[in-house]
Structure formats: structure tokens, C-alpha cells
Amino acid sequence: MKRSLLISLSLCLCLPLAAQETEDNTADSLRHVFGRQQVNPTTLRSSDYADTLDTGNPSVKVVLYDNGTYRFVKDPSAVPDTTVFTEYWDTHTVNPYQNASESLPDRFSIWIVDSLDSYCCPNKVAPRSKFGYRHGRRHQGIDLPYPKGTPVPAAFDGKVRISDYIGGYGNLVVIRHANGLETFYAHLSERKVDPGEWVSAGDIVGLGGSTGRSTGPHLHFETRYKGAAFDPAWIIDFETGTLRHRLLKVRSWYFNPNQRYVQNVDDEDEIFRTDEEDRIAAEEQAKKDAEARAKAEAAAQKYHTIRSGDTLSGIAKRYHTSVRRLCQLNGISEKTILRVGKRLRVN
């Protein structure tokens, strides 16, 4: 009887539909045929698995569970061919991007989830330690209270890049997502996934622990883009477990290690934030310009190595400058004895 119902359900889903429409029609069919309800993935265990169904969208599958629930998952074999999972792919290096983040634009957007991607809050709890400097050290994520041995779910669909013991992180799992975002799960007591493995939001990637540089059981959770860390609170409200944005509008100053999430209260606050963004962006651009000028000036500087018989007047004549200018550039006087082998700046 169950098999015939599955076949009839599959037939009713065979028409090609848009992703969201596919999900809506599938949900209606599941409720009609089986009386099933969609479930939070964190409540599931692999032993609850019953069957898998195709939908009208080749990228989406439906997983049925024995407890009368179901969930949508992305089929990894149908993920569009993309360089996201090949470029800068390193299964041991925490940040394989090197300086790629320096070329990011001042403003851009990232789709955090769409109709094919799901989300699961790592833990619905107030963070114990926030993003930013802590005791003089950069803290590039947040710390969530997490009892040892408690299952840790993946926040989004993606591919495991790292599953290894990495220095202060201890047991670390890093997942790269199709939007280029990476999420870090550190201090695990045990890792449950391997590099190259595809996971869906809610799949268990490890168990809570206190490995590495840790003072007690907790989950260190990071979000990075092109290797640049930013406050995960820009994406997730951990106290409620809700996703703040489906489309995150990123500003370059988010990657400042001192910049934490700023709540957008109302339109007036949005105006303030826009002005603040412009101010910070202008300051950062001015800093970049100053550094570029300093590098250019340093590259353009010329020096003369003093030889036997050299005089200030002779050096000045050779480099089309004056004795007074040479003295200013090198902090010397006209009576300074020139020592062989010493370098003088001449411009």
C-alpha cells in the first residue's frame, strides 16, 4: 500500500515547476496522501529515515520519516557546476584565500538561502562570547554554550572542506556553501563528516566539546566570505534561532574585526547606518590611499652608497639636488663626516 501511494505521489509531482511552487505542491500532496508535516531537521535521526521521493525540480528531493514527518533537501548531484567548490579548495588550510578578500567591493549582496537552500540554527541560545577583540586577541566568531556530546547541525547546505584537528580550533569542521560563504564549527569533541562530503542544513557534523584552545564545552561558530570573517549575528539571531536575512547586503566594514552586528530599528536608524557606512567606507578608502601613496613614495626613493672621496656637494651635483636637501633627507649637517658604505637618501 505504501509503495503505491509513493508512486501516485511521484506521478503527481512530475510536472516541471519553479522551486517554491514545487515545494508548495509537494507539501500539499504529502499532507493529503500521508497526513505528514514538515519537520525541523534538528529533531531528526538517521534511523528515522523511511524513503526518498523525487519532485518536479531535479535539485530537490523529499525525505520521508517513520514518525510521519518529511523535509526538503537539495540533491548534491544537481548542484550547478561552479568553481566555488574547486577554487581555493584546501582540506587543511583554515584560510586558503590568502589576500583575496582585499579585492572585495565596498558593497555587494549574498543570497544566504533561496527556495532550494535550507537553514538550521546551530543552537538557539544567547552567545557566551561575541565577535571582535577579546583579551587583546581577535575573536573571529561567536561562542555558543554547547554541552559536550550534544549533536551540532550544519547551518546551511554545503560541502565539507575541512574536517580535522586544527591548532586552537581543536576538532574543526568547515563547510563551504554554494554562495561562497563558509561556516566554521570548532572545539568539537568528535567530527561526524569527512572532507568532500555534501551535507544539508540540520545534518549532524560533530558533537559539542572543548578541544583546542578552550576553557570549557562550547561551540565556536564563524562565518567567512573569501576568507574574511564577519559577525555571524549579521545573518542569525541566535537568541530566537531565526535567520535575519535571506539576502544579505554586505558592506566592506562588516569585515572590520571591531565591527559587530548593529540592529536596524527603523527608517531613521537605516539613514544613520547608511551615513555611518559612508563615513567608515570613506575612512577606510583614505587609509588605503595613504598606504598606496606611502608604498609608491618608498618605491620611488633613491639612495647613494658612499664611496671613498665622495662629498656632499659632489653627491648633490650627481643627483641634481642640493646639499641642504641631502641634509634634510638624512638628518645630517654639512659638517657631518661621510663614512664609506653608508647609504644616503638622495630624493
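The values are calculated or read from the model by the stated rules, or taken from the named source; none is laboratory data. Bear in mind the structure is a predicted one, so any value in this text is a computation, not a measurement. With ideal geometry, Cβ positions are generated from the backbone for all residues, glycine too; neighbour counts draw on all protein chains shown.
Could you count how many residues in region 184-215 are outside any loop (DSSP other than H, G, I, E, B) and over 21 Å from LYS148 (Cβ atoms)? Final tally of qualifying residues: 2. Taken over region 209-234, the residue count meeting the criterion of being crowded, with 23+ Cβ neighbours inside 10 Å and touching a His at 6+ places or on another chain (Cβ under 8 Å) is 4. Residue under question is LYS302, and the condition is that it be closer than 30 Å to GLU102 by Cβ and either in contact with a strand residue (DSSP E or B) (Cβ under 9 Å, 6 or more places away or on another chain) or among the small types (Gly, Ala, Ser) (or both); does it hold? So LYS302 passes the test.
Across region 216-254, the number of residues qualifying as part of a loop (DSSP other than H, G, I, E, B) and in contact (Cβ under 8 Å) with a residue 12 or more places away in the chain comes to 11.
Considering the conditions (1) modelled with pLDDT of 90 or more; (2) closer than 19 Å to ARG107 by Cβ; (3) in contact with a Leu (Cβ under 7 Å, 6 or more places away or on another chain), ARG224 is excluded by exactly one of them, (3). Listed by position, the strands (runs of 3 or more DSSP E) inside region 67-172 whose residues that are closer than 15 Å to LYS226 by Cβ and at pLDDT 95 or above number at least 1 are 158-166. A single entry from ARG224, ARG213 fulfils the requirement of being under 20 Å from SER118 (Cα atoms) and among the basic types (Lys, Arg): ARG224.
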